[in-house]
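Have a look at the structure below before the remarks.
The values are calculated or read from the model by the stated rules, or taken from the named source; none is laboratory data. Note that the structure is a prediction, hence the values are computed from the model and not measured. Because the Cβ atoms are built from the backbone with ideal geometry, glycine has one as well, and the counts that use them run over all protein chains shown. Note: areas computed on protein heavy atoms with side chains; ligands, DNA, RNA excluded. Shrake-Rupley method; radii C 1.70, N 1.55, O 1.52, S 1.80 Å.
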Amino acid sequence: MAARTPAEPARIAIRVEDVTAYRGDALVVNLFEGVSEPAGATGAVDRALGGAIGSLIRRKEMSGKAGELTAIHTFGRLPVARVLLVGLGKKEKCDLEAVRAVTGEALRLLRRTGAARVGTILHGAGAGGLEATAATQAVTEGALLGCYRFERYKKLEKDRKVLGELTILTREAAQRRSLEQAVRRGRIVAEGVLLARDLVNAPPNDLTPAGLAAAAAAAARSWGFSCRILERGQMLRLGMGALLGVAQGSANPPRLIVLRHRGGRQAKPAVAFVGKGVTFDTGGISLKPADNMESMKGDMSGAAAVIGAFAALARLKAPVHVLGVIPAVENMPSGTATRPGDILRAMSGKTIEVINTDAEGRLILADALTYARRDGAARLVDVATLTGACVVALGTIRSGAFANDEAWMAAVREASEAAGEKVWPLPMDEEYDELIKSDVAEIKNTGGRKGGAITAAKFLAHFVEKTPWVHLDIAGTYETDKEKGYRVKGGTGVAVRTLVEIGLRLAR
Ligand code: BES
Ligand code: MN
Ligand code: ZN
């Protein structure tokens with residue numbers, strides 16, 4: 001796993017300058033839905049262009065709806081050759097997600113048409129009612145996330161176009177420093193997400209459990225957090241029979257990746273992030289069908305989110321002690337693989353009847369959660385591409401959230417909302433426990449098709465006991481097949497921003 005390609009745009013600068021004075025290849029201005037007379041910076045550009053924007057609105061070529069884009073050639077009336085007018089949607093609904101999305105969409109379009117240096121107004125600040133620093137961070141995140149490309153395994157095109165520089169224009173000289181800080185925060189968070197995307201997109205022949213561990217160690221070295229890697233023998237001594245049961249079918253040996261960011265003075269971690277790291281999920285002996293099986297290279301997206309979040313929290317020097325635990329395995333069918341009917345003994349001592357070897361995520365998480373608890377973590381969050389049932393329940397928009405503690409659930413939901421990543425709570429009634437009772441062991445690893453996302457969470461609950469815990473099922477959100485807003489095809493890097501926000505909030 002090579003180090004990631006430098007994020008694009010390489011430079012994001014704050015400049016105190018009138019938008020009409022910007023010299024570069026293109027300038028991005030915006031329009032709210034329903035506005036008939038462009039005001040503010042867009043108004044100034046409209047005047048310089050002899051009313052071209054007002055005319056587009058009157059002719060109904062542009063209404064300001066979110067996602068609308070219109071390029072206007074300036075023919076020398078401004079120092080830039082082109083102005084890109086973007087719709088920001090309804091003013092009342094303007095939020096940081098809208099700012100990220102419009103920035104990503106606009107910059108991809110401009111890059112495609114050859115713009116290397118782009119200026120932008122600060123979307124959402126002013127009339128949009130967003131704080132200038134928050135808007136600046138969102139523009140930065142939208143730019144870096146939206147311009148991301150995974151091309152490490154391809155010969156680059158001869159006329160490959162690169163967006164080199166984004167300049168955020170402001171008239172408030174006094175804000176300059178705080179906006180520059182916001183750009184820095186945005187870059188750190190976005191690069192955490194990009195690191196996660198790189199790991200998700202990497203092919204499973206390169207990103208084996210050892211490959212994932214090497215990538216985590218490299219990130220730890222770069223950004224200054226600690227990384228300890230346990231091998232099979234150490235896991236055997238810890239009694240991690242559930243994790244090892246999944247790993248035993250593969251020629252690629254497992255790793256337990258233990259990350260620590262000691263930003264606070266706390267002796268014990270305020271929180272542990274646990275990420276599912278199945279570098280490839282064939283289903284094992286309960287083999288998956290061939291269709292789309294390649295997307296199971298992303299079954300380590302939870303692990304990727306944890307590593308990305310650690311990179312960001314370390315760079316931000318968040319004053320908090322955070323533990324990261326990543327069980328990394330490959331789920332393969334073979335002569336040494338676990339069979340349906342096998343009984344495994346987890347690190348906690350519980351016995352598990354394996355009904356379906358494709359329900360492997362919960363098995364490795366069981367031991368990782370136990371490890372995090374034994375380390376003394378006060379709270380737990382696990383992130384996992386755990387169930388197809390969660391995709392059926394929530395689709396690709398929201399991740400599922402499950403908890404054993406209402407206050408901790410509320411805190412995680414607020415953090416995810418603030419980070420711009422959608423989650424939705426699913427129930428954990430006692431009655432569901434029936435479904436995972438086993439006749440021959442203390443618990444079994446599947447509860448049937450009905451309520452599959454919930455019974456998976458219920459299984460995990462057996463291993464967190466009383467520690468406040470939230471489980472995020474990202475099976476529907478870890479990848480996307482569409483280019484939209486700040487998302488591009490492939491891994492989304494989902495949950496990095498939520499985990500970073502959780503860490504920052506615990507640091508306060
Ligand atoms: N990694 C899969 C879940 C998954 C499915 C993630 C689709 C992303 C997209 C998981 O290991 C799995 O196979 N789960 C099974 C559980 C079942 C056997 C109880 C599932 O959801 O079908
Ligand atoms: Mn599986
Ligand atoms: Zn899986």
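Per-residue answers, yes or no, for (1) more than 20 Å from Thr170 (Cβ to Cβ); (2) at pLDDT 95 or above; (3) out of contact with any helix residue (DSSP H, G or I) (no Cβ under 6 Å at 6 or more places or on another chain):
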| site | (1), (2), (3) |
| --- | --- |
| Val19 | no, yes, no |
| Glu37 | yes, no, yes |
| Gly64 | yes, yes, yes |
| Thr74 | yes, yes, yes |
| Ala101 | yes, yes, yes |
| Ala106 | no, yes, yes |
| Thr113 | yes, yes, yes |
| Leu122 | no, yes, no |
Flag if Gly308 is under 19 Å from Val383 (Cα atoms), away from ligand 1 (no atom under 16 Å from the Cβ) and at pLDDT 95 or above = yes
All-but-one check, Glu92 against (1) surrounded by fewer than 24 Cβ atoms within 10 Å (Cβ to Cβ); (2) at pLDDT 95 or above; (3) part of a helix (DSSP H, G or I), failing number (2)
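Has segment 450-464 got at least one residue that is within 14 Å of ligand 1 (Cβ to nearest atom) and in contact with a Pro (Cβ under 7 Å, 6 or more places away or on another chain)?
Checking segment 450-464: at least one residue is within 14 Å of ligand 1 (Cβ to nearest atom) and in contact with a Pro (Cβ under 7 Å, 6 or more places away or on another chain).
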Would you confirm whether any residue within segment 379-392 is open to solvent by less than 10 Å² (accessible area, probe 1.4 Å), of a type outside the set (Gly, Ala, Ser), farther than 30 Å from Lys482 by Cβ and not assigned by TED's automatic domain parsing to the domain that holds Leu145?
-> yes
Quick one: count up the residues across segment 19-39 that are exposed (fewer than 14 other Cβ atoms within 10 Å of the Cβ) and not hydrophobic (A, V, I, L, M, F, W, C).
-> 4
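Across segment 384-399, what is the total count of residues that are within 24 Å of Val325 (Cβ to Cβ) and within 16 Å of ligand 2 (Cβ to nearest atom)?
Total meeting the criteria: 5.
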In segment 414-459, the residues that are part of a loop (DSSP other than H, G, I, E, B) and surrounded by 14 or more Cβ atoms within 10 Å (Cβ to Cβ) = Gly420, Glu421, Lys422, Leu426, Met428, Ser438, Ala441, Glu442, Asn445, Thr446, Gly447, Gly451
From the list Leu380, Leu365, pick out the single residue that is within 19 Å of Val500 (Cα to Cα), in contact with a strand residue (DSSP E or B) (Cβ under 9 Å, 6 or more places away or on another chain) and modelled with pLDDT of 95 or more.
-> Leu380
Inside segment 208-234, can you point out the residues that are closer than 16 Å to Ala368 by Cα and without any contact (Cβ under 8 Å) to a residue 24 or more places away in the chain?
-> Arg232, Gly233, Gln234
All strands (runs of 3 or more DSSP E) inside segment 226-298 with 1 or more residues being crowded, with 24+ Cβ neighbours inside 10 Å = 255-262, 271-275, 277-281
Among the numbered conditions (1) within 16 Å of ligand 1 (Cβ to nearest atom); (2) free of Cβ contacts under 8 Å to residues at least 12 places away in the same chain; (3) more than 25 Å from Leu199 (Cβ to Cβ), tell me where Glu430 comes up short.
-> (1)
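Which of the residues belonging to segment 167-209 are more than 23 Å from the chain's Cα centre (by Cα) and not hydroxyl-bearing (Ser, Thr, Tyr)?
Once the filter is applied, which keeps residues that are more than 23 Å from the chain's Cα centre (by Cα) and not hydroxyl-bearing (Ser, Thr, Tyr), segment 167-209 yields Ile168, Leu169, Arg171, Glu172, Ala173, Ala174, Gln175, Arg176, Arg177, Leu179, Glu180.
Can you tell me which residue in segment 400-413 is farthest from Ala384 (Cα to Cα), limited to those that are in a strand (DSSP E or B) and in contact with a helix residue (DSSP H, G or I) (Cβ under 6 Å, 6 or more places away or on another chain)?
Ala403
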In the set Ala115, Ala138, the lone residue that is under 16 Å from Ala10 (Cα atoms) and open to solvent by less than 10 Å² (accessible area, probe 1.4 Å) is Ala115
Taking interchain pairs and intrachain pairs at least six residues apart, which have beta carbon atoms under 6 angstrom, with the first residue in segment 263-287 and within 19 Å of Leu472 (Cα to Cα) and the second in a loop (DSSP other than H, G, I, E, B) and within 10 Å of ligand 3 (Cβ to nearest atom)?
-> Gly277/Met300; Val278/Asp299; Val278/Met300; Thr279/Met300; Asp281/Asp299
Determine whether segment 6-18 contains at least one residue that is free of Cβ contacts under 8 Å to residues at least 24 places away in the same chain, assigned to a loop (DSSP other than H, G, I, E, B) and outside the structural domain of Phe150 (by TED's automatic domain parsing).
-> yes
For Thr467, indicate whether it is in a loop (DSSP other than H, G, I, E, B) and at pLDDT 95 or above.
-> yes
Extreme residue, modelled with the lowest pLDDT, among residues of segment 141-162 that are of a type in the set (A, V, I, L, M) and surrounded by fewer than 24 Cβ atoms within 10 Å (Cβ to Cβ) | Leu156
